[in-house]
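Following: one structure in structure tokens, then a few remarks.
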Amino acid sequence: MKIEELAEAETTLVSEFGLSMGKGMLTEDAIHAFQKIIYAYYHEHARRLPWRETNNPYHILVSEIMLQQTQVERVTEKYDEFIKAFPDFPSLAQAPLQELLKVWQGLGYNRRAIALKKSAELVVRTYTGTLPSRPDVLMTLPGIGRYTASALATFAFNQPTIFIETNIRTVFIHYFFQNQSGIKDSEILPLVEQTLDTSQPRTWYYALMDYGAMLKKWYHNPNRKSAHYHKQTPFKGSNRELRGMILQALTRGPDLSERALIQTLKMDPERVKSTLIQLHDEGFIKKSGTKYRIA
């Protein structure tokens, strides 16, 4: 389905069923028409992503943690390498942190790597190596909030849960809130629930996400109308960049002193010192004498 055909179908849908009001119960005909458009696009333009080719809960967990605050393209580059290095819960649970961070390098937000390892340890220790399927139980694992727990229940176990992420939010704002701004997720969730294809929730959410990704390319990001929208701060020169540089330096070779790190990174000494304290307090690195190493 071409963009011109989509625009025509969208116009017909909105004018025929009044979807732009963004409130009230939708008719069965309106829901069917909405689903038909989303699926029509998906059947022709579905993104081929490696974590969609499996039902392995561990692999899907890895992808969901990687996808937190990270673009799909960057995750695609790292996903296969990570699964090859740590193919299951036991191998990840037993992996040294230094080895884990080496593989994770390039994804950023390294706290996620530690949370993922801790989750693997908990799954092995408490759930005999099998990922729980209930969202409320999944939320007890490190680094897993309500969205990720619901997404895991759907993508790993095909359960019809209700959740929103950036691309899904984009679709519903585009269709149901065209002339509004400051839209809250609490206004969108009832529509997500009404339009959910409970017979194949995994495929339906994949279709919504791909449609939303398309909308961001063709339109002036409808997500800007969301009350929850915020522009990510630049990575260059940020504390996130400095944290990554320090961890990268420590994973490459022998233990390094504070002075050696400052000379190697050529960064402001006070920033390096305060970041070393943060990383130490968070459990990423250890200090022995005057030198630091990966914990």
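Here are the numbers:
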read-out	value
Which listed pairs, of 117/216; 78/286; 117/217; 118/216; 84/266; 36/225, have C-alpha distances above 31 Å, in listed order	117/216; 117/217; 118/216; 84/266
Qualifying aspartates and glutamates (Cα of each under 13 Å from Cα of residue 184; at least 8 residues distant if same chain)	165
Extension reserve of the residue 184-residue 71 stretch, reckoned as 0.36 nm per residue once the Cα distance is removed	38.4 nm
Estimated distance in nm for a label pair at residue 136 and residue 98, the labels positioned 7 Å out from Cα along Cα-to-Cβ	4.4
Amide H within-cut-off set for residue 183, under 5 Å, with H built and near neighbours excluded	226, 227
Local electrostatic count at residue 174 - Lys and Arg +1, Asp and Glu -1, tallied over other residues with Cβ under 10 Å	+2
With 5 Å bins from 0: P(r) over segment 50-157, alpha-carbon pairs, percent	2, 13, 26, 28, 21, 9, 1
0 to 90° range, to nearest 10: angle between helix 185-195 axis and the chain longest Cα axis	60
Reported label for calculated semi-axes √(5λ) of the Cα gyration tensor in Å given (i) 29, 22, 18; (ii) 41, 22, 16; (iii) 39, 29, 18	(ii)
Crossing angle, helix 146-157 versus the chain [Cα axis fit, 0-90 degrees, rounded to tens]	80
Spacing of the two label points (7 Å from each Cα toward its C-beta) at residue 166 and residue 84, in nm	2.8
Per-pair calculated FRET efficiency, R0 = 45 Å: residue 257 and residue 47 via Cβ, rounded to 0.05	0.45
Between helix 239-252 and the chain: long-axis angle, C-alpha atoms, 0 to 90°, nearest 10	50
Inter-label distance, nm, simple model (7 Å from Cα along the C-beta direction), residue 36/residue 239	5.2
Cut-off under 5 Å, modelled amide H: who pairs with residue 257 long-range	292
At most 16 other Cβ within 10 Å, DSSP loop - trypsin sites (Lys or Arg not before Pro), segment 126-193	184
Radius 14 Å from Cβ of residue 68, net charge of other residues (Lys, Arg +1; Asp, Glu -1)	+4
Amide H contacts of residue 285 (H built 1.01 Å from N, under 5 Å, at least 5 apart or other chain)	280, 295
For segment 153-173 versus segment 50-78, the gap between their alpha-carbon centres in whole angstrom	15
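No lab work stands behind these numbers, since they all come straight from the coordinates. Because the structure is predicted, anything quoted here is derived from the model rather than measured. Backbone-built Cβ (ideal geometry, glycine too); neighbour counts: all protein chains shown.
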